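As structure tokens, the structure follows; a few thoughts come after it.
Nothing in this text is a laboratory measurement; each read-out follows from the coordinates by a stated rule. Here the structure is a predicted model, which means the values were calculated and not measured. FYI the Cβ positions are ideal-geometry reconstructions off the backbone, even for glycines, and counts take in every protein chain you see.
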Amino acid sequence: MLGGAALAEAPMTSPRPAPRPGAVVVASSSAGASRWAPIMSLRPMPRPSVLAAAAPVAPVRAAIAPALVPAALVPTASVPRDPINALIQALSPAVATTAVLIDATVLAVARSLRPEPRPAGFVVPAAAVAAPRAASARGSVCGVPEIKGEAIADIPGRIAGCGVDNPVRVTSVSGVALAQSPTIDCTTAKALNTWVREGVIPAVGRTGGGVARINVIAHYSCRSRNNQPGAKISEHGKGHAIDIAGITLANGKTLTVLDNWRGGGAQARIIQAMHRTACGTFGTVLGPNSDRFHVDHLHVDTARYRGGAYCR
């Protein structure tokens, strides 16, 4: 009966093994299971250089030390001293735990560092790298690498006032192709190149991928002005003029003076900017607002007048 009662009722505490003969038994309550554990986790000792660097801030450390020391590290009379941990601390250099914590706090930055701003001229080198290469002189005419074409024989006039000395047949200027490869003199070719580079290309910008071709519809032709009987010889009859109906963009879309001169929108602004920027580079610039003969194209020529450029 006694044996059965013992099995039916569990003990209040787990049985502990009997101590070995000769072992010293230390009387203890529930603290016996943790008495050999250290009171606090051991931390590596700080390097001498760190302690030396932190020495000048001792007044600050002393002021903030009470607030930074965790409660677990404050020694109390009720916590028994562990003999093993005491031995380790006795053999180690005497360094206060609070000093280690304060050193780590004092050496930390007050806030995250921000990178220095880029210098003002930082973008200039990038722009220089992205600049287009200089045009090759191969295939160029008029002594300008950007003007491509071929020199042709002098053109005699069939009537008085016509003809061109040292003419050239131009295929492209500033990398932009020319429809019909106009026959003009070098003065006009240079003016055309300047206008396309400084006026047409910026006016188009990136619209449609940029300008790909200038659509020339008239160049050298021995005739009177506007083909009117009795009129003076046109600048076309001297190799000084070209007529431009519009431009073709890189995406294949064509803008024309006839369709896009009037009205608002980006296309009208491009055609009007072409007309405006030609004035001055050329001596004469005529568009749809000049007369009925130029409703569908821009006429540009290198004639010069005492009163300056004539632009309508």
The distance between the Cα centres of segment 184-225 and segment 228-248, in whole Å, is 14
For segment 153-225, listing trypsin sites (Lys or Arg not before Pro) in a DSSP loop whose Cβ sees at most 10 other Cβ atoms within 10 Å gives ARG158, ARG206
Listed by chain and number, the lysines with an alpha carbon less than 29 angstrom from that of LYS253, same-chain partners under 8 positions apart left out, are LYS148, LYS190
For ARG223, other-chain or 5+-apart residues with amide H closer than 5 Å (H placed, Pro excluded) are SER234, GLY237
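Kirkwood Rh over alpha-carbon pairs of segment 142-311, then Stokes-Einstein at 20 °C and 1.002 mPa s: what D in µm² s⁻¹, rounded to an integer?
Details: Rh = 16.1 Å.
It diffuses with D of about 133 µm²/s by this estimate.
Please give the net charge around ASN289, taking every other residue with its beta carbon less than 14 angstrom from that of ASN289, where Lys and Arg add +1 and Asp and Glu add -1. Don't jump to the answer; show the numbers that get you there.
Numbers: positive: ARG262, ARG276, ARG292, ARG312; negative: ASP291, ASP296.
Result for the neighbourhood of ASN289: +2.
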The relative contact order of segment 142-311, taking Cα pairs under 8 Å that sit 6 or more residues apart, comes to a percentage of 18
Along segment 159-176, Karplus-curve 3J(HN,Hα) (6.51, -1.76, 1.60; θ = phi - 60°) to the nearest Hz, with x for Gly and Pro, reads 10, 4, x, 9, x, 9, 8, 6, x, 9, 10, 9, 9, 7, 9, 6, x, 10
The ³J(HN,Hα) series, computed from each phi in segment 240-249 with the Karplus coefficients 6.51, -1.76 and 1.60 at θ = phi - 60°, rounded to the nearest Hz and given as x for glycine or proline, is 9, 9, 9, 10, 10, 7, x, 9, 10, 8
Any residue on another chain or 5+ positions along whose placed amide H is under 5 Å from the amide H of ILE217 is listed here as ASP243, ILE244, ALA245
Counting sequence-distant residues (5 or more places) and residues on other chains, those with an amide H built under 5 Å from that of ILE184 are VAL168, VAL170
With R₀ set to 25 angstrom, the calculated FRET efficiency between the beta-carbons of ASP296 and THR187, to the nearest 0.05, is 0.45
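Compute the length gained on full extension between GLN228 and ARG262: take 0.36 nm times their separation in residues and subtract their Cα-Cα distance, giving the result in nm to one decimal. Please report the intermediate quantities before stating the final value.
Working: separation 34, 0.36 × 34 = 12.24 nm, distance 2.70 nm.
Difference between extended and current length: 9.5 nm.
So how much slack lies between ALA160 and ALA309, counting 0.36 nm per residue of separation and subtracting their Cα-Cα distance, in nm?
On the way: separation 149, 0.36 × 149 = 53.64 nm, distance 2.56 nm.
Stretched fully, the ALA160-ALA309 segment lengthens by 51.1 nm.
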